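This report concerns only the one structure given below.
The values are calculated or read from the model by the stated rules, or taken from the named source; none is laboratory data. A quick note: this is a predicted structure, and the numbers were derived from the prediction, not measured. Virtual Cβ from ideal backbone geometry, glycine too; neighbours counted across all protein chains shown. When the accessible area is computed, the model is the full protein with side chains, heavy atoms only, and any ligands, DNA or RNA have been set aside. Shrake-Rupley method; radii C 1.70, N 1.55, O 1.52, S 1.80 Å.
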Amino acid sequence: MRNLPLTFAIVGAPKAGTTSLATYLSMHPQVFMCHPKEPFIFGEDLRPLRKRLGLETATALVRLFRGVDPRRHVQVGEASTLYLSSSSAIDEILRELPHLRAIVMLRHPIDLAYSFHGEMVSQGFEPESDFERAWDLQDSRLATPEPACPVPRLLQYRDIASIGTQVSQLVRRAPRGSVCCVTFDDFVADPEAIYAHVCTFLGLADERLTDYPVMRQASVPRIRLLSRALVSPLGIRVTGSVQRVVGPRLTKKLRRHTDVVKRRRIRRPPLSEDFRNQLRRVFDPELLLLKTELNVNLSQRE
């Protein structure tokens, strides 16, 4: 991957405002952000997601950056937010692109895990819509993976949201000054200030935006069978058949337009007090790591 022009990446965490920040950065005249936002270039365990995007070859990955203009683009980035929790992505990045700048967006682990579960339901990867039941299924799914999910570890919500461990390991290993951490709460409270802070970290000119809209909200499939048909292992085979008939470009348009039809925005109910206390016992050590090693305090919102 050394031949890729990548200079920075938003490496995590999911459901922490990364889509909004990536969108804002893509509007900066000195920044090139690849499309799709999450190409999953690194991480052997993320290979099935890369395959779903048709990015299995080095040639396909290079094509993601064919619009880069070295005369204009000071920074070239992507935003695969599963890198932070991946078992191998950070290792690959530090080996292949040791001078890459990493942006980490942090959210309270309980909120992150709950929101990520909603995303997995929305994507059709998680058939259990009740988060508490899905949480209880984690251990059994280690032995018997959920067939609807192309990367079984995505349904291991405890691991996905263990951000204290993940970030402390990244900061210890990455070159000094190459990691920028911001919190979801700060970003929500003042997106302009966080955007300016990140631009300074990347050495970009001060180019403020006129608006800072929220780019994604919680949603669920309007039609569950349609969602699963598009993104489950069965959907991969169907999509492959469709692509052979109509071509890759039209297939991408079909996915994009159907995504709008298949989802409806929701407001998820609060967790029960008993379950929230159970999650606090799990994630309090992660919060302590963030506080003691990185001086980061995260609050929880419900």
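The table below lists the values:
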| quantity | calculated |
| --- | --- |
| Any hit, region 148-170, residues being at pLDDT 95 or above, hydroxyl-bearing (Ser, Thr, Tyr) and open to solvent by 30 Å² or more (accessible area, probe 1.4 Å) | yes |
| Residue list for region 127-146, filter: in contact (Cβ under 8 Å) with a residue 12 or more places away in the chain and part of a helix (DSSP H, G or I) | 131, 132, 134, 135, 138, 141, 142 |
| Qualifying residue in region 43-58 (condition: part of a helix (DSSP H, G or I), over 17 Å from the mean Cα position of the chain (by Cα) and closer than 27 Å to residue 87 by Cβ) | yes |
| Enumeration of residues in region 1-43 that are of a type in the set (D, E, K, R) and either in contact with a Lys or Arg (Cβ under 9 Å, 6 or more places away or on another chain) or closer than 23 Å to residue 175 by Cα (or both) | 2, 15 |
| Matching residues, region 70-81, being part of a loop (DSSP other than H, G, I, E, B), open to solvent by less than 10 Å² (accessible area, probe 1.4 Å) and not polar (S, T, N, Q) | 79 |
| Tally of residues being under 16 Å from the mean Cα position of the chain (by Cα) and either closer than 22 Å to residue 45 by Cα or outside any loop (DSSP other than H, G, I, E, B) (or both) across region 94-109 | 6 |
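Yes/no per residue for (1) closer than 30 Å to residue 288 by Cα; (2) under 15 Å from the mean Cα position of the chain (by Cα):
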{"position": "15", "(1), (2)": "yes, yes"}
{"position": "18", "(1), (2)": "yes, yes"}
{"position": "21", "(1), (2)": "yes, yes"}
{"position": "41", "(1), (2)": "no, yes"}
{"position": "76", "(1), (2)": "no, no"}
{"position": "92", "(1), (2)": "yes, no"}
{"position": "111", "(1), (2)": "yes, yes"}
